[in-house]
1. In this structure, does residue 238 turn out to be in contact with a Leu (Cβ under 7 Å, 6 or more places away or on another chain) and surrounded by fewer than 19 Cβ atoms within 10 Å (Cβ to Cβ)?
2. With the condition kept exactly as written, say whether any residue in segment 59-73 is part of a helix (DSSP H, G or I), at pLDDT below 85, in contact with a helix residue (DSSP H, G or I) (Cβ under 9 Å, 6 or more places away or on another chain) and farther than 22 Å from residue 39 by Cβ.
3. Return a yes/no flag: does segment 558-569 have any residue that is surrounded by 17 or more Cβ atoms within 10 Å (Cβ to Cβ), touching a Gly at 6+ places or on another chain (Cβ under 7 Å) and not acidic (Asp, Glu).
4. Quick check, is residue 218 of a type outside the set (S, T, N, Q), touching a Gly at 6+ places or on another chain (Cβ under 8 Å) and part of a helix (DSSP H, G or I)?
5. Any idea which of 323, 386 is among the polar types (S, T, N, Q), surrounded by fewer than 21 Cβ atoms within 10 Å (Cβ to Cβ) and more than 30 Å from residue 47 (Cβ to Cβ)?
6. Restricting the search to segment 652-668, which residues are in contact (Cβ under 8 Å) with a residue 24 or more places away in the chain, among the hydrophobic types (A, V, I, L, M, F, W, C), surrounded by fewer than 17 Cβ atoms within 10 Å (Cβ to Cβ) and under 19 Å from residue 617 (Cα atoms)?
7. Out of everything in segment 364-413 that is in contact (Cβ under 8 Å) with a residue 40 or more places away in the chain and of a type in the set (Asp, Glu), what residue ends up being nearest to residue 343 (Cα to Cα)?
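The values are calculated or read from the model by the stated rules, or taken from the named source; none is laboratory data. As the structure is a prediction and not an experimental result, all values here were calculated from the model. Counting neighbours? That spans all protein chains shown, and the Cβs are built from the backbone with ideal geometry, glycine included.
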Amino acid sequence: MRARPILALAAGLWLAAFAGDRVRDWVDTTVLPPLTPATSAEVLARDGTLLRAFTVGDGRWRLAVDPTRVDPRYLKMLIGYEDRRFYRHAGVDPLAMLRAAGQTLMSGHIVSGGSTLTMQVARLLEDSGTGRIAGKLRQIRVALSLERRLTKAQILALYLQIAPFGGNLEGVRSASLAYFGKEPRRLTPAQSALLVALPQSPETRRPDRFPDAARTARNRVLMRAEGAGLLTLEQAISAETEPVPTARLPVPALAPHVAERLHAESPSLSPLRTTIDAGLQRRLEDLAAESVAHRGQRLQVAIVVAEQASGRIIASVGSAAYTADRRQGFIDMTRALRSPGSTLKPLIYGLAFDEGLGHPETLIDDRPVDFDGYAPQNFDHQFRGTIRLREALQLSLNIPAVLLTDALGPAKLMSAMRRAGTQPVVPGGQPGLAIALGGVGISLQDLVQIYAAIARGGVALPLHLRADAAPAPGARILSAVAAWEVGDILSGLAPPPGAPRNRLAYKTGTSYGHRDAWAIGFDGRHVVGIWMGRADGTPVPGAFGGELAAPVLFQAFNRVTPRLAPLPPPPANTLMVANAQLPPPLRHFRSRRAAFGPAEDAPQLAFPPDGALVERTGGDLLVRVRGGIAPFTWLANGRPVVIGTRDAQALLPLHAGFVSLSVIDAAGRAARAEVRLR
């Protein structure tokens with residue numbers, strides 16, 4: 001048994017020393033194994049930080065390595081320990097093999113190997129044995145051939161890529177990430193020594209299983225490095241006190257949903273560079289986990305951040321954690337179709353401004369309406385009477401939004417969403433007025449794209465995640481004036497309790513049945529969207545966008561930038577006047593159905609609106625009429641209460657309960673409202 005390694009070593013010496021034509025032919029005709037081993041597909045952040053990698057076909061982590069991005073001291077320690085004459089031999093080191101043969105003859109067993117780094121690369125490329133003559137001869141032949149076909153730098157790069165480090169780790173980069181959680185560009189002396197020692201016996205020296213054996217082997221390398229002058233004695237002694245890692249760290253998995261999606265779209269492309277900001281992504285993934293902690297086991301969250309000018313998505317958090325837990329974290333909720341609630345209202349108002357249907361100071365009636373059986377209600381089931389469009393959007397009133405959608409036509413709203421580059425889905429395929437209040441399926445990423453268009457002055461650009469995405473021409477969905485007016489209205493919303501007061505333009509929304517809570521906002525540079533709910537679509541009792549998602553939106557902006565970028569100034573042709581200075585057609589919104597209603601100067605109950613629940617003042621009810629010709633007569637339940645008053649308001653002494661109010665002007669025209677008093 002002892003003769004075999006001795007004969008193998010002797011044969012190696014003979015072949016290494018033989019320089020005849022027959023040997024050169026023997027080397028030149030060597031059929032080499034593939035010299036480009038498959039490496040793990042990688043998805044990178046925009047600065048090159050590894051977001052996520054995928055194992056090669058046999059389940060191994062084999063990350064591509066650039067030797068120029070490996071710690072130079074590690075390389076010196078590797079060559080000094082494994083193959084001091086690496087740059088001087090031709091693939092086989094006769095002196096090293098002679099030394100190994102002598103030690104074997106004297107001791108009766110193998111004390112040290114005579115393999116060069118090139119021979120180790122040959123063995124690893126073919127997974128050939130080391131103890132048999134045929135295997136050793138094959139290694140020598142391949143090593144000599146490698147040296148004739150590759151440079152030393154290329155051979156070293158192959159070793160750095162395929163050397164085994166225990167388990168399914170191959171290559172120094174995989175090992176550095178798994179054991180130290182960092183790229184190998186900057187290693188401590190102790191870390192370098194451990195990575196030098198592991199490939200000699202990767203399974204018996206695995207630090208996560210055999211830390212004592214790993215420490216002993218590492219310290220042996222440290223002492224050899226000190227003896228070779230690569231370390232001072234003090235550095236070597238200090239390095240010996242550094243703990244050996246006792247567990248493997250997970251391979252980086254930032255933005256896992258993004259990486260999974262892009263890798264599935266281009267499985268052969270590696271590395272695939274994204275637009276993701278790794279630091280921001282990490283901060284927002286932490287925020288996502290914090291925002292659902294202590295809120296039950298099923299609440300989920302998703303976050304998208306985009307640069308409005310370029311359309312680059314710089315952070316995309318698909319869930320609070322990429323796990324198969326009760327939150328179903330493996331589902332990318334930035335792409336899931338959900339009901340947007342009230343978050344489409346800014347687009348509706350912007351389109352209405354462009355169509356000449358209104359202006360932020362235009363008055364609109366928030367009162368009960370019925371569209372052929374569809375009778376929308378405000379979220380609180382209250383009515384505000386006559387109100388400015390600015391206030392109606394800030395209060396997120398449903399009836400004004402539906403009135404505007406009815407005047408525009410639902411198809412126009414759907415067309416604008418598609419021009420923005422989004423892909424909304426309408427149940428049944430036929431859009432109706434309900435889309436104004438969330439009766440459409442749309443993803444968080446698409447909603448952020450719509451808001452980015454508003455923030456960009458009405459021009460939509462496709463949001464993208466790949467750094468190599470070709471610039472796409474933008475489609476205008478709103479005029480610059482209408483887009484600015486919408487942003488100005490949204491910037492007037494009060495921030496949620498505890499949030500900093502600033503000019504963040506934002507909108508919240510809650511879908512039917514409290515299934516989805518939304519908050520989307522923008523400053524002068526970024527657009528951020530938040531969705532919260534359950535991945536399975538079941539209700540979250542008591543969840544409101546303003547209370548659940550809005551605080552997360554403001555926290556997200558704090559992590560995006562320490563200071564908000566100012567919103568742009570109004571375009572030069574923006575009409576900035578009070579209601580009284582508006583052109584007459586813009587002073588009061590009239591719906592398409594107004595032609596079949598009373599004349600504009602007919603009396604209308606300004607307060608209380610029809611269907612209202614009203615608190616009396618001192619037992620009396622204050623009523624107001626708008627329009628009409630004085631004097632006015634007020635009736636309650638058909639009985640005159642105030643007769644012939646020329647004032648537009650009056651105090652009516654009424655009892656609590658349901659009351660039918662009427663006002664009649666001098667021309668005999670009447671207006672009525674059914675209210676409840678308490």
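1. Criteria not met by residue 238.
2. From segment 59-73, those part of a helix (DSSP H, G or I) are 67-69, 72-73; that's our starting set.
So of that shortlist, the ones also at pLDDT below 85 come out as none.
So far as segment 59-73 goes, no, none of its residues is part of a helix (DSSP H, G or I), at pLDDT below 85, in contact with a helix residue (DSSP H, G or I) (Cβ under 9 Å, 6 or more places away or on another chain) and farther than 22 Å from residue 39 by Cβ.
3. To start, the set of residues in segment 558-569 that are surrounded by 17 or more Cβ atoms within 10 Å (Cβ to Cβ) comprises 559-560, 564, 567.
Restricting the remaining residues to those that are touching a Gly at 6+ places or on another chain (Cβ under 7 Å) gives 567.
Next cut, not acidic (Asp, Glu) only: 567.
Yes, there is a match, as at least one residue in segment 558-569 is surrounded by 17 or more Cβ atoms within 10 Å (Cβ to Cβ), touching a Gly at 6+ places or on another chain (Cβ under 7 Å) and not acidic (Asp, Glu).
4. Working: of a type outside the set (S, T, N, Q): yes; touching a Gly at 6+ places or on another chain (Cβ under 8 Å): no; part of a helix (DSSP H, G or I): yes.
No.
5. Only one candidate qualifies: 386.
6. 656, the sole residue that qualifies.
7. 406
Here's the yes/no breakdown for (1) at pLDDT 95 or above; (2) crowded, with 19+ Cβ neighbours inside 10 Å; (3) more than 22 Å from residue 39 (Cβ to Cβ):
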| position | (1), (2), (3) |
| --- | --- |
| 189 | yes, yes, yes |
| 195 | yes, yes, no |
| 202 | yes, no, no |
| 210 | yes, no, yes |
| 216 | yes, no, yes |
